[in-house]
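The values are calculated or read from the model by the stated rules, or taken from the named source; none is laboratory data. It should be emphasised that the depicted structure is a prediction, and the values quoted were computed from it without experimental measurement. Note that each Cβ is placed from the backbone with ideal geometry, even for glycine, and that neighbours are counted across all protein chains shown.
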Amino acid sequence: MCGRDTANFTWAQIHALMQGLVVSTPAEDPTPNYNRAPTQQGWGIVRTEDGYGALPMRWGLLPPWAQDTRLVYSTINARLESIETKPAFRSAWKQRRALIPSSGYYEWMQLNPKTKQPYFVRHVEQPVMFYAGLWESRRDDAGQELLTYSIITRDADQTVESIHDRMPLILPPEVHASWLEANPSEAMEIALAAPPAPLVFHPVSRDVGNVRNNGPQLIDPIVA
């Protein structure tokens, strides 16, 4: 599961990792967020009419048919194992796949029945990693276009399974274009063949559990 992450990257860092994939991005770098939570704004790199673009999206996928907007709290993640059949995800899986850039994510290890210790997980080689994602478009209450996304998750690999049994599906740069262009069967092949990302993690302050807290101090290592 991925329920909290960070976004303190620049567009220059994104472009440097695209391996020839030309992505349209805003002129100004994103505002850093060291405690990004569901329903907050993230970014999705998607196929557009003009090529590829990074678009602002809200975390928590909301299909056009959903009447109850509280559905977003159960669609922040999409399990790869059931993504082809779940009503909330199956349409997006067929034609609206995304790359969700992130600087790292938080995961909580259950120490005992009453205590969890948060850890910060990041890529050991890159300042940004790219989650496989899905996205949807609909109208909000004001009639404006609302874009939302979900992060695809998979079984945790050996690097992080000691803190949690699930993790985001992280795609290497060489498959980014294929992921956005593939048909559903090809996309599943890409997902299942994705190599383990080189990740490291360390314990961080429990302050990250409060969404009102933000700042680079949240990712600083502590002695657990």
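Run down Val124, Val160, Val128 and say which single residue is out of contact with any Pro (no Cβ under 8 Å at 6 or more places or on another chain) and either in contact (Cβ under 8 Å) with a residue 40 or more places away in the chain or surrounded by 18 or more Cβ atoms within 10 Å (Cβ to Cβ) (or both).
Val160
Just wondering, is there one or more residues in the stretch 126-143 that are in contact with a His (Cβ under 8 Å, 6 or more places away or on another chain) and under 19 Å from Trp43 (Cβ atoms)?
Yes, some residue in the stretch 126-143 is in contact with a His (Cβ under 8 Å, 6 or more places away or on another chain) and under 19 Å from Trp43 (Cβ atoms).
In the stretch 69-112, how many residues are modelled with pLDDT of 95 or more and assigned to a strand (DSSP E or B)?
Counting residues in the stretch 69-112 that are modelled with pLDDT of 95 or more and assigned to a strand (DSSP E or B) gives 14.
Collect the residues in the stretch 138-161 that are at pLDDT below 95 and either among the small types (Gly, Ala, Ser) or at positive phi (or both), keeping them in residue-number order.
Those that are at pLDDT below 95 and either among the small types (Gly, Ala, Ser) or at positive phi (or both): Ala142, Gly143.
Restricting attention to the stretch 179-213, which residues are surrounded by 16 or more Cβ atoms within 10 Å (Cβ to Cβ), out of contact with any helix residue (DSSP H, G or I) (no Cβ under 9 Å at 6 or more places or on another chain) and part of a loop (DSSP other than H, G, I, E, B)?
Ala197
Do we have Gln19 as at pLDDT below 95, touching a helix residue (DSSP H, G or I) at 6+ places or on another chain (Cβ under 9 Å) and surrounded by fewer than 17 Cβ atoms within 10 Å (Cβ to Cβ) here?
Yes.
Are there strands (runs of 3 or more DSSP E) fully within the stretch 129-174 with at least 1 residues that are among the β-branched types (Val, Ile, Thr)? List them.
Once the strands (runs of 3 or more DSSP E) in the stretch 129-174 are filtered for at least 1 residues that are among the β-branched types (Val, Ile, Thr), what remains is 145-155.
Do we find a residue being among the hydroxyl-bearing types (Ser, Thr, Tyr), more than 15 Å from Tyr149 (Cα to Cα) and within 18 Å of the chain's Cα centre (by Cα) anywhere in the stretch 38-45?
Scanning the stretch 38-45, I find no residue that is among the hydroxyl-bearing types (Ser, Thr, Tyr), more than 15 Å from Tyr149 (Cα to Cα) and within 18 Å of the chain's Cα centre (by Cα), so the answer is no.
Checking the condition over 11 Å from the mean Cα position of the chain (by Cα) and of a type in the set (Gly, Ala, Ser), which residue from Ala92, Ala98 passes?
One residue alone meets the criteria, Ala92.
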